[in-house]
Amino acid sequence: MILTTRIRLLIGIGAAALVIGAALTWFLRSRSNPAGLAFAPYGDSHETKPDFARLEYDLPLKPSDLVKLTPANVKDYDQEQVDQIYSRLTAGPIPDGPYEGDLFLPKGRNGYSQLAEVIGGIRGRALNLELTGLESLARVLWKGKVFYKEEGIVRNRLDHLEPLEELLPNRIDQEKVRRLSANGRTNQLLFPAKLYCGQSLLDSRRESIIIDYTFTDDLPGYQEFPDSLAGRDGLALRGEVRMVRPGFYLGRGYINGVFVLNTTLYSEAAAKAKTDPFLRTHEVEEDCWVGSQRLAESAR
């Protein structure tokens, strides 16, 4: 009798644990999916990752889904979810004008340790950056951007030059630094990059908008320090972005060809002007190759 009671008690505890576990799993998943998007199942190993073409065919992202994403809540997703979002986007129009920028590291791993390892492996690097300085440097480089679409140039927006001047004092020629006043503040414009459509390093089915710092010494206003830090003799930075919705772009940042962080770019003016037509017509201006999958869908 006592044994039977104990068995029943254990069964009851086990059932309660299963219910609590299921509820906790649902709660955690709901918290990590603030926009309520659909994702293909995945695990930790590479072979569990979904095929992007199949993912987009089975679970396309509609404009009504995309308007739920913001530069803030996209940071709540883990890296596989961010990759699945990015793979279901097209490049959209090449941005033009000033954009606010931010970065976020791959969720679930020490991104700055990864940055330190990548930087430490670059031959002929100009500076021996320490781990403690990586966060401030990354934030400076990704504060925001100004796009000059017709010129095919991007320039980074910096609020302060002090983090760079601390690296090599008295090396920045202030007379050559361009400036921009927008949204109530003045930014210094440094680190020019070339802007064009090109192949995504994550999803080769279609092009992304490429921000390429590799060969920039022929761009107007270039000065060796600090601009060369981002170029082929420094970090060899490369960015790529795709449009989530008008005014909002999701991007990926690479150092020496290795993925290290995610980026967001946002223009309130572009969002206000173009979001309503985007929701009504579902039409997007495309400056880059959208891939055969999207062309086939539009023909149906």
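The values are calculated or read from the model by the stated rules, or taken from the named source; none is laboratory data. No experiment lies behind these values; they were computed from the predicted model shown. Every residue, glycine as well, gets a Cβ built from its backbone with ideal geometry; the counts of neighbours run over all protein chains shown.
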Taking the stretch 71-80 and keeping only residues that are part of a helix (DSSP H, G or I) and within 12 Å of the chain's Cα centre (by Cα), one is left with V74, K75, Q79
Being modelled with pLDDT of 95 or more and under 22 Å from G291 (Cβ atoms), is that true of even one residue in the stretch 99-111?
no
Meets criteria (within 22 Å of V82 (Cα to Cα), at pLDDT 95 or above and assigned by TED's automatic domain parsing to the domain that holds L61) for G291
no
Residue that is modelled with the highest pLDDT [pool: residues in the stretch 252-288 that are closer than 18 Å to L66 by Cα, of a type in the set (A, V, I, L, M) and not in a helix (DSSP H, G or I)]:
L265
What's the total number of residues in the stretch 81-100 that are over 14 Å from the mean Cα position of the chain (by Cα) and of a type in the set (A, V, I, L, M, F, W, C)?
1
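Here is a yes/no grid of residues against (1) at pLDDT below 95; (2) over 17 Å from the mean Cα position of the chain (by Cα); (3) not assigned by TED's automatic domain parsing to the domain that holds E150:
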| residue | (1), (2), (3) |
| --- | --- |
| E175 | yes, yes, no |
| L180 | yes, yes, no |
| G184 | yes, yes, no |
| L190 | yes, yes, no |
| K194 | no, yes, no |
| C197 | no, no, no |
| L201 | no, no, no |
| I211 | no, no, no |
| F215 | yes, yes, no |
Can you tell me which residue is modelled with the highest pLDDT among those in the stretch 139-160 that are crowded, with 18+ Cβ neighbours inside 10 Å and in a helix (DSSP H, G or I)?
V140
Considering only the stretch 215-230, state which residues are surrounded by 16 or more Cβ atoms within 10 Å (Cβ to Cβ) and either assigned to a loop (DSSP other than H, G, I, E, B) or β-branched (V, I, T) (or both).
T216, L219, Q223
If you scan the stretch 169-192, which residues turn out to be closer than 15 Å to K143 by Cα and in contact (Cβ under 8 Å) with a residue 12 or more places away in the chain?
L180, A182, N183, R185, N187, Q188, L189, L190, F191, P192
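A quick yes/no check of all residues on (1) surrounded by fewer than 17 Cβ atoms within 10 Å (Cβ to Cβ); (2) in contact with a Gly (Cβ under 8 Å, 6 or more places away or on another chain):
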position: E162; (1), (2): yes, no
position: E166; (1), (2): yes, no
position: I172; (1), (2): no, no
position: E175; (1), (2): yes, no
position: R179; (1), (2): yes, no
position: N183; (1), (2): yes, no
position: T186; (1), (2): yes, no
position: Y196; (1), (2): yes, yes
position: I211; (1), (2): no, yes
Could you tell me whether D233 is part of a loop (DSSP other than H, G, I, E, B), surrounded by fewer than 23 Cβ atoms within 10 Å (Cβ to Cβ) and without any contact (Cβ under 8 Å) to a residue 12 or more places away in the chain?
no
